[in-house]
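Following: one structure in structure tokens, then a few remarks.
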Amino acid sequence: MRRLPVSYLVLLGLAGLIHLDWHLGRPHHMRLSLEWGRHWLAAIPVFALAGWFLAARFPDRLWAASAINLVGAAFLGQVLEPLAENLGDSRFSLAMPAERWMAFAQFMAAGLMTYLIPLAWLEHQRAPS
């Protein structure tokens, strides 16, 4: 039986960065906010490294590894972490305001576009000339 192509380093690292991005980009009136308009720039080096690492570690199962690790990180960082933060609160909408979803969408868009760059480069390197 084959193991799932999961890298806990990538999974937890990206989930942590998704949460950190919320602190980088959220409005100033919230606690622990930096209100950085270009918060999504933090995704560029990390997603590029994640793409390179997963391509090197799981070359034969890259798309499965990509899906499992990226979706898992997004779920951990954007859904489970806010739920855990507000366990005692009865209104989940306070933990998930529209600004959080917008910051998440910008971060993931920049990250996913960047993620594909090392994959394309490595695929080009592997192709016979």
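What follows is calculated from the coordinates using simple rules that are stated; it is not laboratory data. Since the structure is predicted, the reported quantities are computational estimates derived from the model, not experimental observations. In this analysis, Cβ positions are derived from the backbone assuming ideal geometry, glycine residues included, and neighbour counts consider all displayed protein chains.
Some points to look at:
- Per the Cα gyration tensor, the range 9-123 maps to an equivalent ellipsoid with semi-axes of 28, 16, 9 Å, ordered largest to smallest.
- Rounded to 10°, Cα long-axis angle of helix 8-25 versus longest principal axis of the chain: 40 degrees
- Distance between the 7 Å Cα→Cβ label points at W121 and E35: 3.6 nm.
- Exposure proxy ranking for Y115, Y8, based on other Cβ atoms within 10 angstrom of each Cβ and starting from the fewest, stands as Y8, Y115.
- Chain lengthening between M113 and A67 when straightened (0.36 nm per residue, less Cα-Cα): 15.1 nm
- Between 0 and 90°, nearest 10: helix 98-126 axis offset from the chain longest Cα axis: 10 degrees
- In terms of other Cβ atoms within 10 Å, V46, V10, V79 run from fewest to most in the order V79, V46, V10.
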